[in-house]
1. Report the accessible area of residue 197, computed with a 1.4 Å probe over the heavy atoms of all protein chains in place, in Å² rounded to the nearest 10.
2. Charges only on Cβ, +1 for Lys and Arg, -1 for Asp and Glu: so what's the dipole of the range 49-245 about the Cα centre, in debye to the nearest 20?
3. Given contacts defined as C-alpha pairs under 8 Å and at least six residues apart, what's the relative contact order of the range 49-245, whole-number percent?
4. Express in nm, to one decimal, how much length is gained between residue 143 and residue 84 on full extension, taking 0.36 nm for each residue of separation and deducting their alpha carbon distance.
5. Taking R0 as 45 Å, what FRET efficiency do you get between residue 61 and residue 168 from their Cβ-Cβ distance, rounded to the nearest 0.05?
6. Give 181/243; 73/104; 54/243; 181/226; 87/173; 59/240 a once-over and call out the pairs whose C-alpha atoms are over 19 Å from each other.
7. Can you give the FRET efficiency for residue 53 and residue 100, using 1/(1 + (r/R0)^6), R0 = 41 Å, r = Cβ-Cβ distance, to the nearest 0.05?
Amino acid sequence: MSRVVLAVTAVAALGLVTACGGDSDGDKKSDKSAEKTPAAEQQAAPLPKAALEKAVVVKADIKGFDVEKMTDKEYSDGGSAKAADAKCQPLAQLMGAQTNPAPKDSAYATFSSAGALTGGGKGSGTATGMIRVSSYAEAGAEQTVSDLRGALTACTGGFKATDGSGEKADVAKVEPLTAPKLGDEALAYTLTEAGTEDVGTVRFTIVRSGAHLSVFFGVDIANPTKPLLPDAVVSAQVAKLEKALKA
């Protein structure tokens, strides 16, 4: 399997990766954020760790998917990924466990489908991935999205990088996708590993709700070149976080 897929999966799946499924529209259109919605117009105070833990989806929240919580230690084992070009660091750092700006607090989960989904358009296959829900002090959430948007423009041709263990994890292509119309703003894109054999692609979606980010990645372990990030997972997590922000 590709090093990019392994790098991200090491953070998210931690050996949990098995055949699973999901669906996603996969439209390859632009790197612009989704239109703003009233979901978090009045920005709530950053949630503390305990509240974030409760705001992360569980199995009962997403029909047809297995969801398991991750500990801080499990997540931090992903290390710090680095891009050779500083302009691409916002993208590279999501292949590891350390980001800048750093969140105030975070909670994590992995997801996998209970069985492969078939039919329903472009989203058939098997999927697994990770969810990170984070709160930020000051303007950290907005800055993270802004930095990612700039990197999506600057780094479409790929970039040289190392993963959290210091191993080579060069990216051949960055492809902006149509972002979901969720939260205050959102981004979606794929990263494809450089190489000629066992090349894999990872799909990312980032949704900002006030001072909070919901960060998702998805892969198809059975078909690494066609990543899946189920809409059901993304929408359920964003809805649960924003419900917690209104409480």
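The values are calculated or read from the model by the stated rules, or taken from the named source; none is laboratory data. Bear in mind the structure is a predicted one, so any value in this text is a computation, not a measurement. Cβ: placed from backbone, ideal geometry, glycine included. Neighbour counts: every protein chain shown. Side chains are part of the model used for accessible areas, which takes the heavy atoms of the whole protein and leaves out ligands, DNA and RNA. Shrake-Rupley method; radii C 1.70, N 1.55, O 1.52, S 1.80 Å.
1. Counting only protein heavy atoms, the figure is 140 Å².
2. On the way: 21 positive and 24 negative charges, 81 e Å.
With Lys and Arg at +1 and Asp and Glu at -1, about 380 debye.
3. It comes to 22 percent, rounded to a whole number.
4. Full-extension gain reported as 19.2 nm.
5. On the way: r = 37 Å, r/R0 = 0.83.
It comes out at approximately 0.75.
6. 181/226
7. With R0 = 41 Å, the Cβ-Cβ based efficiency is 0.95.
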